[in-house]
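Only one structure is covered here, and it is reproduced in the block below.
Every number here is computed from the coordinates shown, using simple stated rules; none is lab data. Computed from a predicted structure; not experimentally measured. As a convention, Cβ positions derive from the backbone with ideal geometry for all residues, glycine included, and neighbour counts pool all protein chains shown.
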Amino acid sequence: MNGSLAVAPSADGVAPKHAGATIAFSISLALALWPGSAALAQATADAPLSKLFEDIRVDAAYTYDNNVNRAPNGTERLSEQFFALNATKNFTHVVDPSSRVLLDLAGGGELTRSFPALGRVFGEIQPSFQYRKSADFYSPTLAGFARFSAEHFGSSLRSGYRYAVGVSALQPVTDRIDLFGVISYNWRNANSRVFDGEDLSVQLTMDWSFGAHGTLYVVGEYRRGDVVSTGPESLVNLDIAKVFVRDDAYTNPQLLSYRFEADTVIGMLGYNLPLGRAGAIDVSWRIARSTPTQDAGFQGAGTPHYVDNQFMVVYSKRF
């Protein structure tokens, strides 16, 4: 998938060769400084090797995307199907009755049907610190987190690294309804400057549990930052873009990718249904609408809007 947008006569600035060392150092430093990380590392080292392969969640997912290239109108939109397999492992260290340290490790990959260069493999690490003042039902759970991921696409322009830092709060409303809020700053370092980018995100989720019958959830999110659109050469896109490049994932016909700044509003509606003791199936619909923060500099251009719909089915199994 695209992710962000840009324009400039210099097509594709390549990320520094030391980017891998940079992310490795960042992860090591974050883990070294994170509260309780030494105790967590010792607990992991003392555990039998077999314990490392317990309590792993595996997700098999199918996604249909009706505007995978984030085009501004119907005639330029391209659809795609994604088939994903991911695994996640969680480590937890209790610091005291009110706080704990978590470390999530994830990895996996995606295959595509029509545009193979959009397929990818990835690895991700997310340390976080959670705090809850008391065991009172209405006491919120507060957290701070950092996330680092490396991904390799069939498209060499898109391969690179992603980073995020943020805070979150989980607030019970009733015994069935929870509210979950997240504020995060996200940035990306890719092989092409078009797929670099950064944004600020504010997200709110409401979960409504029906017990054994599943959970309904609604997500609303606002982002301010970089977006990428891919399509034929366009005067409007060229005028508002920070940088552009000939895209190596869309070559027949040859399309251009543009990065620009936009306001993006995202909505998501989903339902998660437990299956047995350790399985679940999740069905969701996600819609996103991006509007450039800068208008084209010539009369009659108008303001383009970029709308994308994704329909997802995920089967999860915990081992």
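Using the 2.2 N^0.38 Å rule of thumb for compact globular proteins, work out how the stretch 19-318 stacks up: its C-alpha Rg over that value, please. Please report the intermediate quantities before stating the final value.
Numbers: Rg = 20.8 Å, N = 300, 2.2 N^0.38 = 19.2 Å.
The stretch 19-318 yields a ratio of 1.08.
Hey, with R₀ at 30 Å, roughly what FRET efficiency would T141 and Y315 work out to, going by the Cβ-Cβ distance, to 0.05? Display every interim value, and only then the final one.
On the way: r = 28 Å, r/R0 = 0.92.
Result of the calculation: an efficiency of 0.60.
Order these peptides, 147-158, 172-183, 112-123, by their mean beta-carbon neighbour count within 10 angstrom, highest first. Show your work: numbers first, answer last.
Details: 147-158: 19.6, 172-183: 14.0, 112-123: 16.5.
Ranked from most to least packed, the peptides come out as 147-158, 112-123, 172-183.
Hey, rough spin-label estimate for D55 and L105, points 7 angstrom out along Cα→Cβ, what's it come to in nanometres?
A separation of 1.4 nm, rounded to one decimal place.
Scan around T293 for amide H atoms under 5 Å from its own, H built in the peptide plane at 1.01 Å from N, and keep only partners 5 or more places away or cross-chain.
E261, A262, D263
Roughly how many Å is it from the Cα centre of the stretch 221-281 to that of the stretch 76-144, as a whole number?
20 Å
Once R0 is set to 30 Å, what does the formula 1/(1 + (r/R0)^6) return for the Cβ-Cβ distance between I177 and V283, expressed as a FRET efficiency to the nearest 0.05? Numbers along the way, then the final one.
Values: r = 20 Å, r/R0 = 0.67.
Taking R0 as 30 Å, the efficiency between I177 and V283 is 0.90.
Using mean Cβ contacts within 10 Å as the protection proxy, how do 134-143, 211-220 order, highest first? The partial results should precede the final answer.
On the way: 134-143: 12.5, 211-220: 14.1.
Per-residue Cβ counts within 10 Å, averaged per peptide and sorted highest first, yield 211-220, 134-143.
Using only alpha carbons, build the gyration tensor for the stretch 199-267 and give me the equivalent ellipsoid semi-axes, biggest first, whole Å.
Details: eigenvalues 262, 52, 12 Å².
With the √(5λ) rule applied to the stretch 199-267, the semi-axes are 36, 16, 8 Å.
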